[in-house]
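For reference, the structure is listed below as structure tokens.
The values are calculated or read from the model by the stated rules, or taken from the named source; none is laboratory data. Keep in mind that what you see is a predicted model, and the values were worked out from it rather than measured. Backbone-built Cβ (ideal geometry, glycine too); neighbour counts: all protein chains shown. Keep in mind that these areas ignore ligands, DNA and RNA; they rest on the heavy atoms of the full protein, side chains included. Shrake-Rupley method; radii C 1.70, N 1.55, O 1.52, S 1.80 Å.
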Amino acid sequence: MNKLLLGVIAMAIIVAASNILVQYPIGQWLTWGAFTYPFAFLVSELVNRFEGAKAARRVVYAGFAVGLICSVIGTQIIGEFGPLVTLRVAIGSGAAFLIGQLLDVSVFDKLRRTAWWRAPFLGSLLGSSVDTVLFFTLAFSSAFIWLDPASDVSWAAAQVPLLGFGPEVPLWVSLGLADFCVKVAVDLIALMPFRLAIAKYASRLA
């Protein structure tokens, strides 16, 4: 099985799993999905490293398509507080994934000939930053209520101490910051399997 197909399958599994796990909270600020989703960057970066940026973009588009399917299904499932996926969440999720992942692909491609860790770390860091800002702003900020006026996200605007101990900010800001911290942590952890994968590939060529 070629690396592109493996990448598409892995990306589809991660995106689908993350869309399910995001429904299960961990503590006050996170969900289980926050721990699986960042590995999408690792998948696209491995494909980028072995097959090039064009193949990595194909993997991203496949993940985007799976995400759209998950969002459509989520809008049809009614939970305690309405549809599991609102229009704003669907828009925010899709835009954040596509733009964040494509930014990662571009940054990685520009840095591929530098130190082995620089391209995956900086690509994921920049991609994750854009992903987080786009998703939480589009999905929960009062500035974008016009995207879906019927969706009540007033709970996300409640003023609370940042992560429970900082200055008062809208709740969605704390949720976004906690999510971003997990992305950075996973970005660092993912350097290990990335390094092992390229070392194994190099040994096969030797």
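Using a Debye calculation, one point per C-alpha and no hydration shell, please list log10 I(q)/I(0) for the chain at q = 0.11, 0.18, 0.19 Å⁻¹ in order.
These q points yield log10 I(q)/I(0) values of -0.52, -1.25, -1.36.
Quick check on packing: order 107-115, 84-92 by the mean number of other C-beta atoms within 10 Å, highest mean leading.
Top of the packing list down: 84-92, 107-115.
Pull out a ≥ b ≥ c, the square roots of the eigenvalues of the alpha-carbon gyration tensor of the stretch 115-203, then state rounded if a/c is under 1.5, prolate if not and a/b is larger than b/c, and oblate in the remaining case.
It comes out prolate by the Cα gyration axes.
Counting helices only, and only those DSSP H runs with n ≥ 4, report the 222 nm mean residue ellipticity of the chain as the sum of -39,500 (n - 2.57) divided by its residues, in deg cm²/dmol to the nearest 500.
-23000 deg cm²/dmol
Based on alpha-carbon atoms only, what is the radius of gyration of the stretch 99-147 relative to the globular estimate 2.2 N^0.38 Å?
Against the empirical 2.2 N^0.38 Å value, I get 1.43 for the stretch 99-147.
So which aspartates and glutamates pass the test for residue 54, namely a Cα distance under 17 Å, with those fewer than 8 places away in the same chain ruled out?
45, 104, 109
Just want the answer: with Cβ charges of +1 for Lys and Arg and -1 for Asp and Glu, which residue in 92, 201, 117 is farthest toward the dipole's positive end in the stretch 59-206?
201
Any idea of the accessible area per residue across the chain, 1.4 Å probe, to the nearest Å²? If you can, show how the numbers build up before the last one.
Working: 10860 Å² over 206 residues.
In whole numbers, the chain has 53 Å² accessible per residue.
Using only alpha carbon pairs under 8 Å that are at least six residues apart, calculate the relative contact order of the chain and give it in whole percent.
Details: 286 pairs, mean separation 41.4, N = 206.
It comes to 20 percent, rounded to a whole number.
Compute the acute angle (0 to 90°) between the alpha-carbon long axis of helix 3-21 and the principal axis of greatest extent of the alpha-carbon atoms of the chain; round to the nearest 10°.
On a 0 to 90 degree scale, this one is about 20.
Just to be sure I understand: if I project the alpha-carbon convex hull of the stretch 156-206 onto a plane and average over all orientations, what area do I get in nm²? It would help to have the intermediate numbers written out before the result.
Working: hull surface 16.9 nm².
Over all viewing directions, the stretch 156-206 projects a mean Cα-hull area of 4.2 nm².
With +1 on the Cβ of every Lys and Arg and -1 on the Cβ of every Asp and Glu, and nothing else charged, how large is the dipole of the chain about its Cα centre, in debye rounded to the nearest 20?
Rounded to the nearest 20 debye, it is 1160 debye.
Rank by packing, highest mean first: peptides 95-105, 149-159, with packing defined as the count of other Cβ atoms within 10 Å averaged across residues. Please report the intermediate quantities before stating the final value.
Values: 95-105: 21.9, 149-159: 12.4.
Peptide ranking by packing, descending: 95-105, 149-159.
Round to a whole angstrom and tell me the spacing of the C-alpha centers of the stretch 128-147 and the stretch 34-104.
Centre-to-centre distance over Cα atoms comes out at 15 Å.
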